[in-house]
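The values are calculated or read from the model by the stated rules, or taken from the named source; none is laboratory data. Computed from a predicted model, the values in this text were never measured in an experiment. Glycine gets a Cβ as well: all are built from the backbone with ideal geometry, and neighbour counts include every protein chain shown. Remember, those area values only see protein heavy atoms, side chains included, never the ligands or the DNA or RNA. Shrake-Rupley method; radii C 1.70, N 1.55, O 1.52, S 1.80 Å.
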Amino acid sequence: MSVGSCPSCRAPVEFALGGGKVKVCAYCNTVVVRGKVNLETLGKVADLVDTESPLKVGLSGKWKNKPFTVQGRLQKSRGDAVWDEWFLVFDDERTAWLTESEGEWRLLFPVPDFPPRGFPAFKSFVPLSGFGLGGNTFIVEEVGTAQTASAQGQLPDYAPTHPFVDATGPKGIFASVDFGGEQPEAFVGMPQSLADLGFDKSELSPTPRKEALAEARCTNCNGMLELKAPDAAKRVACPYCGALLDVRHGKLAFLQLLDKPAHPPVIPLGAKGTLEGATWVCIAFLMRSCTVEGTDYSWDEYLLYEKAKGFRWLMCANGHWTWLTPIPAGDVDLGPRLMKYGEKSFKLFQSVNTRTDAVQGECYWEVEEGERGFASEYVAPPESLNLDQSEGEATFTLGKLLEPQVVQKAFGLKQALPRATGIAPAQENPHSAAAKEGAVWAGIWCAALLGLYVVFSALAPRGVYLDTQVGLAPTAAPGSAEAQWFSEPFEIPADVPLEVELASQVNQSWLGVQVDLVNEATDEVISVYGEPAYYSGSDSDGSWSEGSRTATVTTEEVDKGRYVLRTTASWDRYSGGYQVVVRADSPSLGLPCFLMLLLVAWPSFRALRASSFETQRWNDSVIQSRLPPVKKFGKGSTP
Amino acid sequence: MKYAGGLMLLLYAGLHTFGYDRFPDDDRGRLPQGVRSAPGGILLWHSGFMGGK
């Protein structure tokens with residue numbers, strides 16, 4: 001430890017070893033910096049603002065068995081918001097910053113050798129832009145500039161303003177780049193709970209805000225507000241008179257009178273409900289809307305709070321309820337039309353300019369009536385990826401559809417919730433699963449039918465039992481005894497269906513042949529008739545032809561035995577003769593094809609219905625261009 | 001679908017086994033009486049022509 005005198009008030013100033021080079025004089029608030037020779041002053045800071053933080057300078061803790069001390073506190077402000085960042089020095093001389101945002105603590109370590117060559121300037125960053133750091137890709141969630149409001153203890157450096165970029169990487173890694181100094185500094189870390197930081201609970205200061213606000217009354221109508229999340233609330237909208245109250249330093253201050261919502265919240269403020277394994281308190285009700293082609297479309301949003309898990313949203317649009325969980329932008333693979341989260345790809349369904357029409361309850365951001373935002377919804381039923389953008393901020397939530405009965409049961413609502421109408425963007429297609437399953441089974445059974453057909457074909461007898469050319473006498477009259485021909489007896493060795501093929505060089509004519517197969521043993525006559533016919537010509541459309549010089553006919557199964565074949569020919573123009581072939585017929589493909597058609601009919605019907613459902617869903621898809629921002633809005637991580 | 005396909009398969013196997021899996025073109029009859037006993041036997045059976053236009 002080194003000791004010097006404050007250049008301003010001469011009070012002793014002690015610098016702990018391994019800590020920062022800047023110390024705030026505890027007596028006169030002068031910012032003292034260790035120069036090469038003497039202590040120098042960087043000016044004075046204002047008194048600390050009471051942020052009701054449980055931490056204080058001098059506290060000791062332990063993170064992953066590594067002891068540390070809280071050496072300094074930097075208070076930053078942005079607009080009306082003031083927050084603390086705590087400077088930690090570990091016993092092994094590592095340093096870190098501990099920050100709090102929306103009840104979530106983050107332990108951030110400085111990134112060595114930063115900035116790398118070519119690292120973009122502050123002005124280059126916008127929400128959703130990306131940058132690489134330590135082998136990870138980070139997505140920017142917020143870009144802003146904070147002021148140094150006050151400071152305490154020992155700090156690594158001091159800057160009056162802090163242009164910052166907050167970003168998230170994969171698996172919840174958080175990065176913050178501070179452009180306040182001569183060189184930008186980057187800090188990377190993960191969310192932590194206070195319990196993980198090994199503070200002695202007895203040394204943690206109580207949060208007076210909770211006590212002060214827990215039973216607060218509206219400053220406009222004196223109505224009892226009973227705040228459920230006083231630690232996190234930044235704005236409260238009185239449910240009785242509609243007054244919007246600012247929460248600052250444990251007190252409420254009237255801001256404006258809001259219009260009352262067009263209808264009361266279905267889930268009353270303060271109602272508790274068990275969802276996703278936790279008991280949530282409904283702390284705010286918002287009505288939001290967008291305008292598409294001159295028509296207003298509105299929906300309700302309920303902000304839920306649970307001390308350990310933070311905030312969640314329940315959105316109700318057309319009776320469809322969606323459970324929304326915040327997710328880090330760094331876990332999302334960004335794309336204009338397609339985004340990937342986890343293993344799922346989400347397709348852009350709608351992008352609309354939104355406004356907040358009514359608010360009731362307490363909000364963790366500085367909500368204002370009429371706030372504008374830009375919301376995009378990407379869908380992969382039954383889930384959705386929702387992107388809310390405001391000036392300088394972008395936040396993602398993962399949506400999951402809930403049945404109205406689930407919401408009703410969770411919050412113990414007496415009245416049944418209205419039935420959902422229309423198709424929700426992320427509603428699961430009720431027909432697609434059946435269509436897919438049907439298609440799979442149809443494929444399996446069609447393959448089985450084809451397989452059976454192949455087996456039957458392989459087992460069927462084969463052979464040509466008669467193949468001969470039959471001549472016709474030029475003088476023979478069609479259909480007369482002279483036009484008849486008898487074969488020599490021939491053997492059919494098995495019970496088999498037959499195929500009789502007749503071929504003749506007919507041209508612009510036909511040749512009809514009656515084939516009679518006589519079983520010598522039983523005198524059964526099996527008769528078939530085939531007619532090769534062929535015509536051709538040309539007209540204004542070009543040449544044409546019709547018919548065939550070959551005709552094939554089949555029989556049912558015939559008994560094995562000796563047969564004589566009689567043919568009787570008839571014609572309109574003499575063609576000299578014809579060829580007759582009698583052979584075993586292979587099993588017909590007609591029946592299995594017919595059965596296969598029956599098999600695919602049902603899944604085809606379901607697929608049509610699924611397609612119709614998708615058409616209906618995507619008919620409601622709206623893609624708007626983003627309007628210039630008017631006011632700040634967001635569900636995101638404003639510090 | 002899971003079971004309907006099995007029924008179709010059984011139906012096809014049954015129809016094939018009993019020879020109903022085709023759409024034949026033949027007519028069946030008997031050789032007229034007297035053709036066998038007539039001089040020339042079957043080779044002089046000239047009647048029964050059904051075809052032609």
> Do we have any residue at all in segment A:413-431 that's within 14 Å of chain B (Cβ to nearest Cβ), out of contact with any Ser or Thr (no Cβ under 6 Å at 6 or more places or on another chain) and open to solvent by less than 30 Å² (accessible area, probe 1.4 Å)?
Replying inline: yes
>> For segment A:56-73, which positions are over 14 Å from A:A16 (Cα atoms) and out of contact with any Ser or Thr (no Cβ under 9 Å at 6 or more places or on another chain)?
In response: A:K62, A:W63, A:K64, A:N65, A:K66
> When you scan segment A:273-291, how many residues do you find that are charged (D, E, K, R) and either free of Cβ contacts under 8 Å to residues at least 40 places away in the same chain or more than 21 Å from A:Q360 (Cα to Cα) (or both)?
Replying inline: 1
>> Of everything in segment B:9-35, what is modelled with pLDDT under 80 and within 7 Å of chain A (Cβ to nearest Cβ)? Give them in sequence order.
In response: B:G19, B:D21, B:R22, B:F23
> Does A:E524 satisfy being more than 8 Å from chain B (Cβ to nearest Cβ) and among the acidic types (D, E)?
Replying inline: no
> How many residues does segment A:244-292 contain that are surrounded by 15 or more Cβ atoms within 10 Å (Cβ to Cβ) and of a type in the set (D, E)?
Replying inline: 1
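Which members of segment A:555-584 meet the condition of being within 13 Å of chain B (Cβ to nearest Cβ), under 20 Å from A:P489 (Cα atoms) and crowded, with 16+ Cβ neighbours inside 10 Å?
So in segment A:555-584, the residues within 13 Å of chain B (Cβ to nearest Cβ) come out as A:555-559, A:562-573, A:578, A:582, A:584.
Of the ones still in play, those that are also under 20 Å from A:P489 (Cα atoms) are A:555, A:557-559, A:562-569, A:578, A:582, A:584.
Result: A:T555, A:V558, A:Y563, A:V564, A:L565, A:R566, A:T567, A:T568, A:A569, A:Y578, A:V582, A:A584.
Only residues that are farther than 24 Å from A:G270 by Cβ and assigned to a loop (DSSP other than H, G, I, E, B): list them for segment A:360-379, please.
Restricting attention to segment A:360-379, the residues satisfying the condition of being farther than 24 Å from A:G270 by Cβ are A:370, A:372-379.
A:G370, the sole residue that qualifies.
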>> As an exercise: evaluate A:L42 against (1) crowded, with 20+ Cβ neighbours inside 10 Å; (2) in a strand (DSSP E or B) and give the number of the one condition it does not meet.
In response: (1)
> Do we have any residue at all in segment A:434-453 that's surrounded by 12 or more Cβ atoms within 10 Å (Cβ to Cβ) and in a loop (DSSP other than H, G, I, E, B)?
Replying inline: no
>> Six or more apart or on different chains, Cβ atoms under 7 Å: show the pairs whose first residue is in segment A:4-26 and within 17 Å of A:S150 (Cβ to Cβ) and whose second is of a type in the set (F, W, Y) and open to solvent by less than 20 Å² (accessible area, probe 1.4 Å).
In response: A:G20/A:F87; A:K23/A:F15
>> Can you pull out every residue in segment A:530-543 that is open to solvent by 50 Å² or more (accessible area, probe 1.4 Å), farther than 25 Å from A:G577 by Cα and not in a loop (DSSP other than H, G, I, E, B)?
In response: A:S538, A:D539, A:S543
>> Need the failing condition index for A:R462 against (1) away from chain B (no Cβ under 13 Å); (2) over 60 Å from the mean Cα position of the chain (by Cα), just the number.
In response: (2)
